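The values are calculated or read from the model by the stated rules, or taken from the named source; none is laboratory data. Computed from a predicted structure; not experimentally measured. Here the Cβ positions follow ideal geometry from the backbone for every residue, glycine too, while neighbour counts run over all protein chains shown. Note: areas computed on protein heavy atoms with side chains; ligands, DNA, RNA excluded. Shrake-Rupley method; radii C 1.70, N 1.55, O 1.52, S 1.80 Å.
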Amino acid sequence: MHRKGMNPDNVTPDDILCDFCGTPAWANDTPCVEGHQGSIICGKCLTVAYELAVNQKDKVETEDQCRMCLEHRDENGWQGAYEPIATICVRCVKQASGALNKSKHWAWTKPSET
Ligand SMILES: [Zn+2]
Ligand SMILES: [Zn+2]
C-alpha cells in the first residue's frame, strides 16, 4: 500500500508499505510481491501466511476481499496485523510464493509443504 500523505508525483521506496505488516519493504530491500492497486506483501508475511494458510490450513473466514487480487473467495487465507487489516486468499499466497521463490532478484525460499 502507499504510505498515507505521500506525494503521488514523487513516490519513493519509503512510500511503498507491505499491506500486511506496514514495513517499507522496498526501502528495506525486503523481498515482496505486488498485487492489484498497489498492494504489496513482503516475504516475511508471505512465509507466515504460507505456513498458516497452506501448511496448517488455518484459514481466516471473512467477508473481506483479498487485498492482492481484489476478489472474495470462500477460501480466504490469512490476515495481517496492520490497520486497515488486509486479507490475502490462499490462491494468492500460493501464487505469490511461487513467483517469489522463482525470482532471481530475491533470495526467498518457499516454506516446505508439510
Ligand atoms: Zn509484511
Ligand atoms: Zn487473492
query: Do you know which of the residues in the stretch 23-63 that are of a type in the set (G, A, S), part of a loop (DSSP other than H, G, I, E, B) and surrounded by 16 or more Cβ atoms within 10 Å (Cβ to Cβ) is farthest from the chain's Cα centre (by Cα)?
result: A25
- prompt: Out of curiosity, is P31 in contact with a Pro (Cβ under 8 Å, 6 or more places away or on another chain) and farther than 13 Å from C92 by Cα?
  reply: no
message: Checking S103 against (1) over 15 Å from the mean Cα position of the chain (by Cα); (2) in contact (Cβ under 8 Å) with a residue 60 or more places away in the chain; (3) closer than 16 Å to L52 by Cα: exactly one of these is not met. Which one?
response: (3)
- request: Working only within the stretch 64-110, note down all residues that are within 15 Å of ligand 2 (Cβ to nearest atom), open to solvent by 60 Å² or more (accessible area, probe 1.4 Å) and basic (K, R).
  value: R91, K94
task: Please find, within the stretch 1-22, the residue that is most open to solvent (accessible area, probe 1.4 Å) out of those that are more than 19 Å from E83 (Cα to Cα) and in a loop (DSSP other than H, G, I, E, B).
output: D9
